[in-house]
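The values are calculated or read from the model by the stated rules, or taken from the named source; none is laboratory data. On a predicted model such as this, the values are computed, not experimentally measured, just so you know. When we count neighbours, we look across all protein chains shown, and the Cβ atoms used for this are built from the backbone with ideal geometry, even at glycine.
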Amino acid sequence: MFHYTIEVQRGMNETIKMLEESLKKEGFGVLWKFSVTEKLQEKGFDFPIPFVILEVCNPQEAARVLSENLLAGYFLPCKIVVYKENETTKIGMPKPSMLISMMNHEELKKLAEDIEKRLISCIDECR
């Protein structure tokens, strides 16, 4: 699968707060937190599903990835999404290893796999 997604037994705000704390411990900062729901409603669309995108980055890893191949920057920053589906809060992300695999670059693949493991660990801490 191209993504990693889990279900959690808490609300959106608590989940996002836990996720941000977990990411910080792992050296990832949240560059941007974007509520798709709020933006669509602001533009006049009826979209009632809570859906928040967090763009996250570890500067050291970003520098390593970009030093290998600038085109890898097309995949930065990493995205993690928190949303509600059928009253269940979910956290998910596209797998960095799947995105980087399109580049056929072995060193980048290793870096992406490491970053992916760390991000999955951060997500899993929110269970």
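The figures follow:
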{"read-out": "The one condition in (1) within 13 Å of VAL65 (Cα to Cα); (2) in contact with a strand residue (DSSP E or B) (Cβ under 9 Å, 6 or more places away or on another chain); (3) part of a loop (DSSP other than H, G, I, E, B) that ILE115 fails to fulfil", "value": "(3)"}
{"read-out": "Residue pairs meeting the criteria (Cβ under 7 Å; at least 6 apart or on separate chains; first within 20 Å of PRO94 (Cα to Cα), in region 36-56; second modelled with pLDDT under 95)", "value": "none"}
{"read-out": "Flag if THR89 is out of contact with any His (no Cβ under 8 Å at 6 or more places or on another chain) and without any contact (Cβ under 8 Å) to a residue 24 or more places away in the chain", "value": "no"}
{"read-out": "Meets criteria (at pLDDT 95 or above, at positive phi and among the polar types (S, T, N, Q)) for ASN58", "value": "no"}
{"read-out": "Within region 32-57, tally of residues that are under 12 Å from the mean Cα position of the chain (by Cα), buried (at least 17 other Cβ atoms within 10 Å of the Cβ) and of a type outside the set (Val, Ile, Thr)", "value": "2"}
{"read-out": "Matching residues in region 67-100 - criterion: being in a strand (DSSP E or B), of a type in the set (A, V, I, L, M) and either under 17 Å from LEU31 (Cα atoms) or modelled with pLDDT under 95 (or both)", "value": "ILE80, VAL81, VAL82, MET93"}
